[in-house]
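A short write-up of the structure that comes next.
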Amino acid sequence: MLYLELDRLHERSYSKQIYTQIREKILSGVLRAKDKLPSTRELSIDLCVARNTVLNAYDMLVSEGLLYSLPGAGFFVEPEITYEKKAVQVLDFNAASLSDMPLSNDLINFDSGIPALDLFPKSKWNHATAKALNEAPISALGYDDPQGRSEFREVLSIYLKRTRGIECRAEQIIITTGTKQGLTLIAKCLLNAQSEVWIENPTNDNVKQIFSYHTKKILPFEVDG
C-alpha cells in the first residue's frame, strides 16, 4: 500500500492532494521506474474517498507523463523520468560519521570490518542460505536469543578452537551485526567518563566516535612505519 495523508480541512481537492503527493514521491525517487501503484479501488478504500477521486489524480499524472496504464494491469511509473536530486542536510556530523554512506566504485573504503567483497562466494552463499532456510525450525524466523542463535555459536566455538586456537564455550560468544556494534557493546560495558582509551594513530574515525560517546580521554598511540 502507498502511504498518503489527506488534509480533510484543506481547500485543495482530494484529487489534487493525491496527485501532488504521488508526484513528489515519483520525482524524489521514492517511487521508481515501473513501480506499480495501488489500484484505484484499493487506494480509494484506504483513503476513504470516492474511486473517481483517485482516478482523477491518476489521470493527471498520466497526462503529465509520470504514469502510464496497462489495460487490466493498472497504473505504473514511467521508466524515463528525470529525478530531482535534493541535497542532504547533515546537522550532526558525529552521527553522520557513523553512518554507512555508500561510496562510489572509484574510491577506496578504509572503513573497519570490510573484507574483500569482490571475492565473496555469492553462488555458494545463496545455495547454503537456501538450504539452511528450508531446514530451519519455525523458531528461527522469529525473535531469538539476543546473544545469537545457539547452533551458530556452537559451530563458531569449534571453528575458533580449530583455526585460531581459542578455547571458548558457545555461551561466551555474542553474535553482532558487525565491527561497529561489537565496539559499541564493548564501550558500553567497559568505559566510563574517567576511562582512558588508547587508539593507534592514524585510525578509522568511526572507532574514535564510538568511544567518544563514553569518554573524552582518547589518546592517540603513534604507530611505526
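Here are the numbers:
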| quantity | calculated |
| --- | --- |
| Condition met for residue 106 (surrounded by 10 or more Cβ atoms within 10 Å (Cβ to Cβ) and either part of a strand (DSSP E or B) or modelled with pLDDT under 90 (or both)) | no |
| Residue list for the stretch 23-49, filter: touching a residue at least 24 places away in the same chain (Cβ under 8 Å) and in a loop (DSSP other than H, G, I, E, B) | 28, 29, 31, 32, 33, 34, 35, 37, 38, 39, 49 |
| Where residue 62 falls short, out of the listed (1) of a type in the set (Val, Ile, Thr); (2) touching a helix residue (DSSP H, G or I) at 6+ places or on another chain (Cβ under 9 Å); (3) in a helix (DSSP H, G or I); (4) closer than 16 Å to residue 79 by Cα | (2) |
| Counted residues, the stretch 13-22 - those being β-branched (Val, Ile, Thr) and free of Cβ contacts under 8 Å to residues at least 24 places away in the same chain | 1 |
| Any hit, the stretch 88-101, residues being modelled with pLDDT of 70 or more and either over 21 Å from the mean Cα position of the chain (by Cα) or loosely packed, with under 12 Cβ neighbours inside 10 Å (or both) | no |
| Odd one out for residue 202, checked against (1) at negative phi; (2) modelled with pLDDT of 90 or more | (2) |
| Residue pairs meeting the criteria (Cβ under 8 Å; at least 6 apart or on separate chains; first in contact (Cβ under 8 Å) with a residue 12 or more places away in the chain and closer than 18 Å to residue 188 by Cα, in the stretch 205-224; second hydroxyl-bearing (Ser, Thr, Tyr) and not in a helix (DSSP H, G or I)) | 206/112; 207/112; 214/195; 215/195; 217/195 |
| Qualifying position, being surrounded by 15 or more Cβ atoms within 10 Å (Cβ to Cβ), modelled with pLDDT of 90 or more and of a type in the set (Asp, Glu), among 59, 46 | 59 |
| Hits in the stretch 147-202 - residues which are surrounded by fewer than 14 Cβ atoms within 10 Å (Cβ to Cβ), assigned to a loop (DSSP other than H, G, I, E, B) and out of contact with any helix residue (DSSP H, G or I) (no Cβ under 8 Å at 6 or more places or on another chain) | 165, 177, 178, 192, 193, 194, 202 |
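The values are calculated or read from the model by the stated rules, or taken from the named source; none is laboratory data. Since we're looking at a predicted model, the values are computed, not measured. Positions of Cβ are generated from backbone atoms using ideal geometry, with glycine treated the same way; all protein chains shown enter the neighbour counts.
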